[in-house]
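Presented below is the structure to which this report refers.
The values are calculated or read from the model by the stated rules, or taken from the named source; none is laboratory data. Predicted model only: the values in this text are computed from it and were never measured. Quick reminder, even Gly has a Cβ in these numbers, built from the backbone with ideal geometry, and neighbours come from all protein chains shown.
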Amino acid sequence: MERKHFLKSLFVGAISTPALLSACGKESEEVTPTTGATGTTGTGTSGSCSVAPTETEGPFPTKVPASYVRSDITDGKAGHKMTAKITITNTNNNCAALAGAVVDIWHCDAEGNYSEYGGSGMQSTNYQSVHFLRGRQTTDANGQVTFTTIFPGWYSGRATHIHVHIYSASGTSLKVTQIAFPEGTGTAVAAVNGYAKGMSGYTTNAKDNVFSDGVTQELATVTGSPTAGFELAISFGVAA
């Protein structure tokens with residue numbers, strides 16, 4: 001089954017399955033009216049204290065995330081270097097920095113493939129025995145974690161994105177969400193240009209099944225260049 005057909009099937013099934021709809025759709029959980037990031041560059045932060053939207057984990061979550069406590073998650077994968085800084089705030093405490101939260105991230109490689117999966121119709125390349133581009137970190141006193149990775153590639157049916165799962169210090173799941181990337185002239189997505197595969201057939205945020213209802217609270221700030229590397233920054237609010 002092609003990935004785009006699989007993703008479409010999730011949303012078609014959600015029409016008749018309330019539980020799946022809840023898992024795959026965004027949750028509106030504003031604490032106060034939001035005036036968050038807009039435009040093609042994105043601020044990476046919200047102008048108010050709002051809970052981040054809930055998104056699907058997708059078909060490729062990390063199988064044993066506790067085994068990958070590390071900040072450098074490249075595992076030798078080729079691609080443009082990127083530093084990802086994610087800040088977690090507590091919406092139950094006026095969006096103060098949330099120290100001690102556990103943050104998992106995972107994303108595809110430059111060719112659009114995920115580690116820990118493959119050898120099937122959804123992903124022909126078999127990467128079941130490797131674990132690249134997956135990692136876990138605990139937020140510091142500023143509520144921040146930092147990962148060294150590569151700029152993600154893309155695959156059919158999805159815009160460029162990073163998956164994020166946030167837990168409390170005790171291991172309670174607080175939020176599953178995703179990071180979107182600014183698009184258009186002058187952005188990092190345009191500069192990377194899909195790596196070797198180019199951008200023919202690329203799905204934009206506006207047409208992506210996950211992001212099409214808006215990316216205001218999920219749109220990162222991404223600066224840098226392919227030669228110098230990129231820096232990503234974003235803040236997510238959770239009810240802790």
query = So which of 43, 125 ends up being β-branched (Val, Ile, Thr), at pLDDT below 95, part of a loop (DSSP other than H, G, I, E, B) and over 13 Å from the mean Cα position of the chain (by Cα)?
reply = 43
query = Can you name the number of the only condition in (1) within 22 Å of residue 145 (Cα to Cα); (2) surrounded by fewer than 19 Cβ atoms within 10 Å (Cβ to Cβ) that residue 109 fails?
reply = (2)
note = All-but-one check, residue 71 against (1) buried (at least 17 other Cβ atoms within 10 Å of the Cβ); (2) touching a residue at least 40 places away in the same chain (Cβ under 8 Å); (3) over 21 Å from residue 210 (Cα atoms), failing number (1)
task = Tally the residues that are under 25 Å from residue 229 (Cβ atoms) and among the hydroxyl-bearing types (Ser, Thr, Tyr), restricting the search to the range 157-202.
result = 6
ask   = Which of the following residues is within 25 Å of residue 51 (Cβ to Cβ), over 16 Å from the mean Cα position of the chain (by Cα) and crowded, with 18+ Cβ neighbours inside 10 Å: 139, 177, 172?
value = 139
ask   = For the range 144-186, which residues satisfy the criterion of being among the β-branched types (Val, Ile, Thr) and assigned to a loop (DSSP other than H, G, I, E, B)?
value = 160, 172, 185
remark   = Just one listed residue, out of 160, 216, 227, 187, is within 16 Å of the chain's Cα centre (by Cα) and surrounded by fewer than 23 Cβ atoms within 10 Å (Cβ to Cβ), and it is 216
